[in-house]
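Take this structure first; my questions come after.
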Amino acid sequence: MKNRGIIPPGMESYVDDWKMSPGIFSGDFLFLTGMTGAGPDGTVDPDAETQIRLAFSRANSVLEHAGLSFADVVEMTSYHVGIRDHITEFRRIRDAFVGEPYPAWTAIEVAGFVTPGTICELRIIAKRGTT
């Protein structure tokens, strides 16, 4: 089975500018490119809650465009700048998107991201046929 890129409307710049797919199917697994809270124009809101909610919403957009949902997520890694400053908000927002059975999750503190001001990035793997 050939890999298939998933490119929701509004995310064409991933392919055009960065030469990567927002998501790509390999067999029954969907691998998402790291999703941050940067807006479509590359701007970053300084509010942690706004950034985190946008990162989850963007990931949800890729999942939905692929015919999946957060119920199909099997593994998530979150990368954070200043994790202790926003982990409470992160967990609360994550809980609004993720339910039982909960995916595996790892949270990692990092020094920074390509876009200045970004505080978190989500790495997600989902599997078709889990729901």
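Which pairs do you get when a residue that is open to solvent by 60 Å² or more (accessible area, probe 1.4 Å) and assigned to a loop (DSSP other than H, G, I, E, B), found in region 10-39, comes within reach of a residue that is among the small types (Gly, Ala, Ser) and at pLDDT below 90, reach meaning Cβ atoms under 7 angstrom, with the pair 6+ apart or on two chains?
Listed pairs, sorted by first residue: Asp28/Gly129.
Additional query: In region 40-60, what residues are in a loop (DSSP other than H, G, I, E, B) and either of a type in the set (Phe, Trp, Tyr) or within 19 Å of Asp17 (Cβ to Cβ) (or both)?
Listed by number, the residues that qualify are Pro40, Asp41, Gly42, Thr43.
Okay, next question. Please give the number of the condition His80 fails out of (1) under 25 Å from Arg4 (Cα atoms); (2) in contact (Cβ under 8 Å) with a residue 40 or more places away in the chain.
(1) is the only condition that His80 fails.
Continuing with the same structure: So which residues in region 40-68 are among the β-branched types (Val, Ile, Thr) and open to solvent by less than 30 Å² (accessible area, probe 1.4 Å), if there are any at all?
Result: Ile52, Val62.
When residues of region 40-71 are filtered for being of a type in the set (Ser, Thr, Tyr) and without any contact (Cβ under 8 Å) to a residue 12 or more places away in the chain, how many remain?
Adding up the residues that qualify gives 2.
Go through region 82-131 and count every residue that is more than 18 Å from Ser57 (Cα to Cα), in contact with a helix residue (DSSP H, G or I) (Cβ under 8 Å, 6 or more places away or on another chain) and acidic (Asp, Glu).
Number of matching residues: 2.
The values are calculated or read from the model by the stated rules, or taken from the named source; none is laboratory data. Computed from a predicted model, the values in this text were never measured in an experiment. Note that each Cβ is placed from the backbone with ideal geometry, even for glycine, and that neighbours are counted across all protein chains shown. These accessible areas exclude ligands, DNA and RNA; they are computed on the full protein's heavy atoms, side chains included. Shrake-Rupley method; radii C 1.70, N 1.55, O 1.52, S 1.80 Å.
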